[in-house]
1. Which helices (runs of 4 or more DSSP H) does the range 61-159 wholly contain that include 1 or more residues that are at pLDDT below 80?
2. Quick check: anything in the range 130-143 over 21 Å from residue 52 (Cβ atoms) and in contact with a helix residue (DSSP H, G or I) (Cβ under 8 Å, 6 or more places away or on another chain)?
3. When you go through 298, 316 one by one, which is the residue that is surrounded by 22 or more Cβ atoms within 10 Å (Cβ to Cβ) and at pLDDT below 85?
4. I'd like to know if the range 401-413 contains one or more residues that are at positive phi, touching a residue at least 24 places away in the same chain (Cβ under 8 Å) and not in a helix (DSSP H, G or I).
5. Any residue at all in the range 460-471 that is over 28 Å from the mean Cα position of the chain (by Cα), surrounded by 15 or more Cβ atoms within 10 Å (Cβ to Cβ) and assigned to a helix (DSSP H, G or I)?
6. Is there a residue being at pLDDT 75 or above and assigned to a helix (DSSP H, G or I) anywhere in the range 8-28?
């Protein structure tokens, strides 16, 4: 792996991770007042609307952003910048048409899904229709993000995510607060409409950076000169073994984009579809056992609380996935299988080791985090089961991390058919598991089936990768990682029990929960690097390949361990 490639992965991942962390924090922070304003019933309707919107958003872009990123990276790697630009323009037109079509579809289809399928009622229909106009903007935003990703410019993507969340947060809370004076349904619709305003703000950011990049490209062409650029493109065409004008017609471009994007959309929609299956099946499966009101409350808990917190550990994995696809694509197009294997090893190790502490922290401290951030649930049933739902769903996110990163590598290599097959197996396990385990274990069976879906897909992805390239994840150090998880789990849950029963320093409930959460999370974060070094999961040679801030943190922990 060259130093430039390594720096591109680390830099791109760092930008996307920081932006995603900020955006996720704002997203969780948005849910706090919304849970208070809308309560579990309103959050149930909001979650039903948002999950349907998320699925159609992926379908509307048809995986084009990821396919665009891959194709742009490949074309520029072989010296064809003009073809990359033409592919980008074709994708923009696709986004405009698809966005308009999906906006109409979402508005018309809203009552069928919200009321007949999910049993969410008229409030869910109103919320779904309120967010429908966002479909006009987000396909276009996604296409622009895919292009910048293919150019390995991650800053516009990161900034647009943060700006989008800021405007979404402010608008959602304000509209929900004022429209609740009309009815709960209008309050939920106001919260949903915040996504439309966030989309407009994000599009404005992307347009600014697009114009800036266009000016920079024009200056570059002038400095290089038309003759030199034409020669470079001819050399690239010769290396590719075909003619420079192969991507001249939009029909050819769309055929190539869709050939790549259909499998990508199937993979990209997996997590959203799994979460939508949860919000769609909870009421039909459980209302006869616990009542329709309690079942809708569970939808509110899993959509408004559990999925928000369980989404935090996968942030780095998503950023790694977005950063590694163009790098893998460029290396694979050059037949550099050694670099592909090195990148696969690197991205899987980073994803697992960086995602695990957040999984442990949230799973162990689920109860104080839930009660501190959102307040206790509205019903005794919700109080009894809400924290456990958060803990179990977050634990399953560890396998989602592996599934996401391994799938991204397959995507970068163009191995789309096996990726589609793996998604089909995973969704089948999710549906069958929800029906069977949901009948036996209620809400926990539905959540366990989610984890089984991600486990199956992770195993299938890794098996397919091993047929193509040579790589290692942790090897013999896997036993040390298991020991680390066991020790931290035992000590962490013991600390959670002790703080819950004995650390009650103030008369304010939520303040006590916040103090307990800080203590448990602090213990988990402190134990994690110490255990990794004690079990030799992370060695000195590994540390040298980490980003410098991480190296400094590990060095401090190592000195602390020697003193103790």
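The values are calculated or read from the model by the stated rules, or taken from the named source; none is laboratory data. From a predicted model like this one, the values you see are computed outputs, not experimental measurements. Every residue, glycine among them, receives a Cβ derived from its backbone with ideal geometry; neighbour counts consider all protein chains shown.
1. 64-77, 81-111, 138-150
2. Taking the range 130-143 as the starting set, the residues that turn out to be over 21 Å from residue 52 (Cβ atoms) are 143.
With in contact with a helix residue (DSSP H, G or I) (Cβ under 8 Å, 6 or more places away or on another chain) added as a condition, the list becomes 143.
There is at least one residue in the range 130-143 that is over 21 Å from residue 52 (Cβ atoms) and in contact with a helix residue (DSSP H, G or I) (Cβ under 8 Å, 6 or more places away or on another chain).
3. 316
4. Looking through the range 401-413, none of the residues is at positive phi, touching a residue at least 24 places away in the same chain (Cβ under 8 Å) and not in a helix (DSSP H, G or I).
5. no
6. yes
Residues are listed down the side, and each one gets a yes or a no for (1) surrounded by fewer than 20 Cβ atoms within 10 Å (Cβ to Cβ); (2) at positive phi; (3) part of a helix (DSSP H, G or I):
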{"site": "341", "(1), (2), (3)": "yes, no, yes"}
{"site": "347", "(1), (2), (3)": "no, no, yes"}
{"site": "360", "(1), (2), (3)": "no, no, yes"}
{"site": "363", "(1), (2), (3)": "no, no, yes"}
{"site": "369", "(1), (2), (3)": "no, no, yes"}
{"site": "372", "(1), (2), (3)": "no, no, yes"}
{"site": "378", "(1), (2), (3)": "yes, no, no"}
{"site": "383", "(1), (2), (3)": "yes, no, yes"}
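Listed here are the residues, each with its yes/no results for (1) touching a strand residue (DSSP E or B) at 6+ places or on another chain (Cβ under 6 Å); (2) part of a helix (DSSP H, G or I); (3) modelled with pLDDT under 80; (4) buried (at least 16 other Cβ atoms within 10 Å of the Cβ).
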| position | (1), (2), (3), (4) |
| --- | --- |
| 246 | no, no, yes, no |
| 263 | no, yes, yes, yes |
| 267 | no, yes, yes, yes |
| 283 | no, yes, no, yes |
| 308 | no, yes, no, yes |
